[in-house]
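Trainee: Could you have a look at this structure, given as structure tokens, before my questions?
The values are calculated or read from the model by the stated rules, or taken from the named source; none is laboratory data. Nothing here was measured: the structure is a model prediction, and the numbers come from that model. Here the Cβ positions follow ideal geometry from the backbone for every residue, glycine too, while neighbour counts run over all protein chains shown. The protein model used for the area step is the full one, side chains on, heavy atoms only, and it has no ligands, DNA or RNA in it. Shrake-Rupley method; radii C 1.70, N 1.55, O 1.52, S 1.80 Å.
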Amino acid sequence: DFVWKSTSFDRMQTALKTFAVTDTSVSGYIYHRLLGHDIEPQAVRATLPARFSAPGLPELNHSQSYAVKTVLERSLSLIQGPPGTGKTVTSATIVYHLACANANAAASA
């Protein structure tokens, strides 16, 4: 027998209602981009790392390295793909590089 568990659906509904009603749920840029409005692209000032792989994580293949580079250069990105293609490793690597960039920015401020 199938038992409906609405947890994921309820969370999605709550997020969509918050997005639609609350002006501060996301930045204005992301709000308008997600809705497909024509807006000026935001420039991203990023110093790209010499090496895209992160310590403690598996080495990235070419498409994963390209995804990391692209995400670090853009204000909004989507990573998608079938199971087993390295989305989690790629995302963890992105988080590592963003954390390093934020730490470097805080240290120089």
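Trainee: Return a yes/no flag: does the stretch 38-45 have any residue that is over 28 Å from Ala101 (Cα atoms) and either without any contact (Cβ under 8 Å) to a residue 12 or more places away in the chain or part of a helix (DSSP H, G or I) (or both).
Mentor: Of all residues in the stretch 38-45, those over 28 Å from Ala101 (Cα atoms) come to 38.
With the extra rule that they be either without any contact (Cβ under 8 Å) to a residue 12 or more places away in the chain or part of a helix (DSSP H, G or I) (or both), the set shrinks to 38.
Scanning the stretch 38-45, I find at least one residue that is over 28 Å from Ala101 (Cα atoms) and either without any contact (Cβ under 8 Å) to a residue 12 or more places away in the chain or part of a helix (DSSP H, G or I) (or both), so the answer is yes.
Trainee: Could you check how many residues of the stretch 50-78 are closer than 28 Å to Gly36 by Cβ and either open to solvent by 60 Å² or more (accessible area, probe 1.4 Å) or touching a Cys at 6+ places or on another chain (Cβ under 7 Å) (or both)?
Mentor: Residues meeting the conditions: 7.
Trainee: Follow-up question, since we're still on this one. Just to verify a result, which residue in the stretch 79-109, among those that are within 25 Å of Tyr31 (Cβ to Cβ) and β-branched (Val, Ile, Thr), is surrounded by the most Cβ atoms within 10 Å (Cβ to Cβ)?
Mentor: Ile94
Trainee: Based on what the data block shows, is Ser25 open to solvent by less than 70 Å² (accessible area, probe 1.4 Å) and either in contact with an Asp or Glu (Cβ under 6 Å, 6 or more places away or on another chain) or free of Cβ contacts under 8 Å to residues at least 12 places away in the same chain (or both)? If you could, list the steps in order and put the result at the bottom.
Mentor: On the way: open to solvent by less than 70 Å² (accessible area, probe 1.4 Å): yes; either in contact with an Asp or Glu (Cβ under 6 Å, 6 or more places away or on another chain) or free of Cβ contacts under 8 Å to residues at least 12 places away in the same chain (or both): yes.
The answer is yes for Ser25.
Trainee: Which members of the stretch 28-37 meet the condition of being surrounded by 11 or more Cβ atoms within 10 Å (Cβ to Cβ) and either in contact with a Gly (Cβ under 6 Å, 6 or more places away or on another chain) or part of a loop (DSSP other than H, G, I, E, B) (or both)?
Mentor: Selection gives nothing.
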